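K.L.:
My questions all concern the structure below.
The values are calculated or read from the model by the stated rules, or taken from the named source; none is laboratory data. From a predicted model like this one, the values you see are computed outputs, not experimental measurements. Here the Cβ positions follow ideal geometry from the backbone for every residue, glycine too, while neighbour counts run over all protein chains shown. Remember, those area values only see protein heavy atoms, side chains included, never the ligands or the DNA or RNA. Shrake-Rupley method; radii C 1.70, N 1.55, O 1.52, S 1.80 Å.
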Amino acid sequence: MLLLLPEGERITLSLKNTRPVDLMDLSEAFDGFAREYHRSVQGSSDPGYPNEVSLYVTEIHSGSIIAELAPLAPYALPLMENTNTVVDFCKNLKAAFDWLRGEGDKPEGVEAEQLENVEAIVRPVVKDTGSQLNIVGGVSARNLTIMTGPVSIVLDHSHASKISDGARRELALISRRKAGLHEMVVLQLYQARNDPKSKSGDRGIIESVQKQPVRVIFNNQGVKAKMLSGIKNPFKQAYLVDVSVETMQDRPVIYRIVEFHEVIKQGR
C-alpha cells in the first residue's frame, strides 16, 4: 500500500510545447526528475527523509503536457510530519538551474549524476524554441486547488538552453578532473574473479571518482595477486590503491590499478 508523505505535497509539471515532443526525450525528462528527487532524498541529512520515498504520477491534466506528482512511500513514517520534501527539493532544483544559467551561486556538493538529471529535465524545452516548462511544488489543500508555500520555476527555450550548456560544460570539467592518476583512493570490488590470471570480469567502485561500478583492469598480474592473496571474500574488503582512470564521452570507463597499498576492513 502506497501512502502520501506528508499529505498534500504535490509537484505540478507543465510543458507547453509548440511541436510534437519526442517520446524518448519526454520519458527521460520524467526519469531525470524522478532520479534527481530520489538522489536529493538519499543525500538529505534530515532523519525524516526515508530512502523509500519516490515520486509517482497522481494525475494527468488536459493541456499540452501537464502532470501532477507526489512523494509516496510503502508505509507510514511519523518523522515525515514536520518535513517538506517537495518544497526543499524544488528550491534546490531552482538553485541548480539559476547557477547553470549564470544567475546564481554554485550549490554545494554538485555531482555528475545531478548534472545529468538536470540536462534530461530541460531537454524537451531545448529542442522546441517556442516551448516552456513550468514547475510548481508545494503543499496543496485537500481539494487540490490551493497551494501553500509554493516554489515556482519557469523555463523558456533560452533559459533551458543555457542550463543544458552549463550542465554539459560542468560534466566535461568533472570528467577531466576524474581522468588520469588518482593516488591512495579506496576501491571496493563490485564483481571480480578471484583468480590472479583473470583479465576480464572485474568491476569496482571508487566513490571519490564515481558511485557506479566501472571496469577494473590491473597494471600487471602481481598487483592483482597481491590484492587477492589470502582474501576469502574480496567483496567484503576495501582496497587502498593508486588508479589510472580512463574516460569516454566524459564518463569513467576503466580503472587501471597501478599499485596496491593495503586492505581496509569493512566496519560490518
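K.L.:
Checking the structure you have, find out if any residue of region 242-259 is hydroxyl-bearing (Ser, Thr, Tyr) and over 27 Å from Glu170 (Cα atoms).
P.N.:
Scanning region 242-259, I find no residue that is hydroxyl-bearing (Ser, Thr, Tyr) and over 27 Å from Glu170 (Cα atoms), so the answer is no.
K.L.:
For Thr85, only one of the following conditions fails: (1) modelled with pLDDT under 95; (2) surrounded by fewer than 21 Cβ atoms within 10 Å (Cβ to Cβ); (3) hydroxyl-bearing (Ser, Thr, Tyr). What is its number?
P.N.:
The one condition Thr85 does not meet is (2).
K.L.:
Against the definition (at pLDDT 90 or above and either assigned to a helix (DSSP H, G or I) or not polar (S, T, N, Q) (or both)), how does Asp31 come out, yes or no?
P.N.:
Yes: the conditions hold for Asp31.
K.L.:
Then there's this: Where the second residue is of a type in the set (Lys, Arg) and open to solvent by 40 Å² or more (accessible area, probe 1.4 Å) and the first is under 17 Å from Gln212 (Cα atoms) and lies in region 230-248, which pairs have Cβ atoms under 6 Å and are six or more apart or on separate chains?
P.N.:
Once the first residue is under 17 Å from Gln212 (Cα atoms) and sits in region 230-248, its partners that are of a type in the set (Lys, Arg) and open to solvent by 40 Å² or more (accessible area, probe 1.4 Å) give Ser244/Arg256.
K.L.:
While we're on this one: Hey, can you tell me all the residues within region 245-257 that are under 12 Å from Asn219 (Cβ atoms) and either open to solvent by 30 Å² or more (accessible area, probe 1.4 Å) or more than 24 Å from the chain's Cα centre (by Cα) (or both)?
P.N.:
Passing the criteria: Ile254, Arg256, Ile257.
K.L.:
Under 6 Å by Cβ, and 6 or more places apart or on different chains, what pairs join a residue from region 199-210 that is open to solvent by 80 Å² or more (accessible area, probe 1.4 Å) with one that is at pLDDT below 80?
P.N.:
Pairs found: Arg203/Gln191.
K.L.:
Across region 139-166, what is the number of residues that are modelled with pLDDT under 95, more than 22 Å from the chain's Cα centre (by Cα) and not hydroxyl-bearing (Ser, Thr, Tyr)?
P.N.:
9
To keep it simple, each residue is scored yes or no on (1) crowded, with 17+ Cβ neighbours inside 10 Å; (2) over 21 Å from the mean Cα position of the chain (by Cα); (3) modelled with pLDDT under 80; (4) part of a helix (DSSP H, G or I).
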site	(1), (2), (3), (4)
Arg193	no, yes, yes, no
Pro196	no, yes, yes, no
Val214	yes, no, no, no
Val223	yes, yes, no, yes
Met227	yes, yes, no, yes
Phe235	no, yes, no, yes
Glu259	no, yes, no, no
